[in-house]
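Single-structure report; data block below.
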Amino acid sequence: MADLKADSSALQDQSQHQLKLMKGDHCWQFRWNDGDEQGLVSMLSGLAADQCVEFDWFDAAMVRHHLAICRNETAEHDS
């Protein structure tokens, strides 16, 4: 089972986001700025479609779910 954690310790401001996905011996680290979400979703889809990578569609869905949570938190913070 994969473990997904938000990690903002190394980020410079609130418009930057970072997620780490740990799965077995693999660790994926995703970083993006507000407004770059669509590019991240495209990259996640590419990873999940690649048969040579240990990143599957469930992993992509987990990251996308957390991306939506981050987007909602950012929207609430800006209100």
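Any read-out appearing in this document is the output of simple, stated calculations on the displayed coordinates, not a laboratory observation. Keep in mind the model is a prediction, meaning the values are calculated, not measured. Cβ atoms come from the backbone with ideal geometry, glycine included; neighbour counts cover every protein chain shown.
Structure summary
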| read-out | value |
| --- | --- |
| Stretch gain in nm, segment Arg64-Gln14, where the contour uses 0.36 nm per residue and the Cα spacing is subtracted | 16.1 nm |
| Cα-based Rg of the stretch 12-73 normalised by 2.2 N^0.38 Å, two decimals | 1.11 |
| Theoretical gain in end-to-end length, Cys27 to Arg71 [0.36 nm per residue, Cα-Cα removed] | 13.6 nm |
| Rough spin-label spacing in nm, given labels placed 7 Å along Cα→Cβ, for Asp36 and Asp3 | 2.6 |
